[in-house]
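Scroll down for the structure; my scribbles are underneath it.
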Amino acid sequence: MDPQTAWEQLQSAVLAQDWETTRERAQSLLDWLARGGFPPVTSAQDADVSNKHRDVAIKFCRSALRRAADG
């Protein structure tokens with residue numbers, strides 16, 4: 001799994017309101033992180049703060065899944 005690619009695809013899917021891809025990418029990324037996988041870089045400003053990236057990715061994935069369920 002490439003979490004950076006999944007993160008970028010997830011963001012694009014949310015913007016495009018492509019809820020199927022949103023669900024797939026968000027769940028894949030959450031599963032990856034739950035298994036201890038490294039997080040994607042979520043902000044260029046904080047490129048060295050791994051725990052912050054993990055927290056941001058998890059929150060965004062959960063939010064995206066809620067939006068996909070409503071969409």
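Bear in mind these aren't lab numbers, they're just calculated from the coordinates by the rules spelled out. Here the structure is a predicted model, which means the values were calculated and not measured. Methodologically, a virtual Cβ is constructed for each residue, glycine included, from the backbone with ideal geometry; neighbour enumeration extends over all protein chains shown.
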Requested in this report: Compute the long axis of helix 50-70 from its Cα atoms, compare it with the longest principal axis of the Cα atoms of the chain, and write down the angle in degrees, 0 to 90, nearest 10.
Outcome: 0
Report task. May I ask for the angle, rounded to the nearest 10°, between helix 19-34 and the longest principal axis of the chain, with both axes built from Cα atoms and the value confined to 0 to 90°? Result -> 30
Requested in this report: Could you size up the charge dipole of the chain around its Cα centre, putting +1 on the beta carbon of Lys and Arg and -1 on that of Asp and Glu, and report it in debye to the nearest 20?
Outcome: 260
Query raised in the report: Which label belongs to the value computed from this structure, given these candidates for Cα Rg over 2.2 N^0.38 Å: [x] 1.02; [y] 1.20; [z] 1.49?
Result: [x]
